[in-house]
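Here the structure comes first, spelled out in structure tokens, and everything after it is commentary.
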Amino acid sequence: MKLAGRTVILTGASGGIGEPLCVALAAAGASVLAVGRDEAKLRRLVRKVPAGALQWVAADLTRDDGRARVVDAARALRPAPSVLVLGHAQSAFGLFEDQGAEAMARLLQTNLVAPLLLLHALLPVLRGQDRAAVVVLGSTFGSLAFPGFAAYSASKFGLRGLTEALAREYADTPLRFQYLSPRATRTPFNTPAVDALNAELKVASDAPADVARQLVAAIERGTSRLQVGWPEKLFARLNGLLPGLVDRNLRASLPAVRRHARRSPQPATENLHHEPVSQ
């Protein structure tokens, strides 16, 4: 599905790879409704794309009124949105026993419950189009659970399950579902502790603009599942086929994970993530 002439809703537009993804979507000819929490960043985004290519909504998607604001804006757009890109996320690096119940509940609300409810509310808009797509920006940790990211991995496994189930539920309709997983990406979403862990484990990372271009190409191709990067692609597949092999590999990384996790403050919520994967 070519994006030229279509309207795309992008959540997580004010963080991480949000800016380059907005630019890449606009370059493909799409009109973008950019959704994020940071109004100042959203206003700056308007200046980085051709005139008229981007509108924005500042909203907290964990709140009923925030999601309602996005739905109202979507219903007013012409042409009506035919692509929803769910890209917002909250990061969480730390040992499971050191994380508070409130922080973990907030993470699951942000990463899993909020996108589920927003998608549910926007389905009537998307279903009204000749062709439509829901694109979930997932995570390698949605296929390969990683120590130090237990709650985060749980939220991303949940998103992957939601995407797969809905792809099968709507398989005989014009609405498709895509789960696209970038690997580690060089954005402020990663805390210094995560960057230090990546460096020690020699994790490769990608430039945000490169990731954005790959994501747009996958959206247009209609790729149902994508894991960006090697060896991340191999490890995700091995974890499904031979999880014991991955268990043994990751066990060797535990001392580094524990050392860096204990130095990591809990980060604030923002959008469009990407994270390390052991090699």
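The portion of the accessible surface of segment 57-118 made up by carbon and sulfur, rounded to a whole percent, is 56 (1.4 Å probe; DNA, RNA and ligands excluded). Site pair R131 and D72 shows an inter-label distance of 3.3 nm when each label is modelled 7 Å from Cα along Cα→Cβ. Using just the helices of the chain, give the 222 nm mean residue ellipticity in deg cm²/dmol: DSSP H runs with n ≥ 4 each add -39,500 (n - 2.57), and the total is spread over all residues, rounded to 500. Calculated mean residue ellipticity at 222 nm is -13500 deg cm²/dmol. Computed about its Cα centre, the charge dipole of segment 1-109 is approximately 720 debye, with only Lys, Arg, Asp and Glu carrying charge at their Cβ.
Between their Cα atoms, which of K156/K233; K202/K233; K48/K156; K41/K202 are more than 26 Å away from each other? Beyond 26 Å: K48/K156; K41/K202. Less than 5 angstrom separates the built amide H of L54 from those of V32, all sequence-distant by 5 or more or on a different chain. Let's test the formula: R0 of 35 Å, r as the Cβ-Cβ distance of L241 and A27. What FRET efficiency results, to the nearest 0.05? About 0.40, to the nearest 0.05. Extending 7 Å from Cα along the Cβ direction at A199 and again at V113 yields two label points whose distance is 3.7 nm. Ordering of 81-87, 235-241, 5-11 by packing is 81-87, 5-11, 235-241, highest average first (other Cβ atoms within 10 Å, averaged per residue). How much of the DSSP beta bridge set in the chain is antiparallel, as a percent to the nearest 5? Around 5 percent antiparallel, to the nearest 5.
The values are calculated or read from the model by the stated rules, or taken from the named source; none is laboratory data. Only a predicted model underlies this, so the values are computations on that prediction, with no experimental measurement involved. Using ideal geometry, Cβ is built from the backbone for each residue, glycine included, and neighbour counts are taken over all protein chains shown. Only protein heavy atoms, including side chains, enter the accessible area calculation; ligands, DNA and RNA are left aside. Shrake-Rupley method; radii C 1.70, N 1.55, O 1.52, S 1.80 Å.
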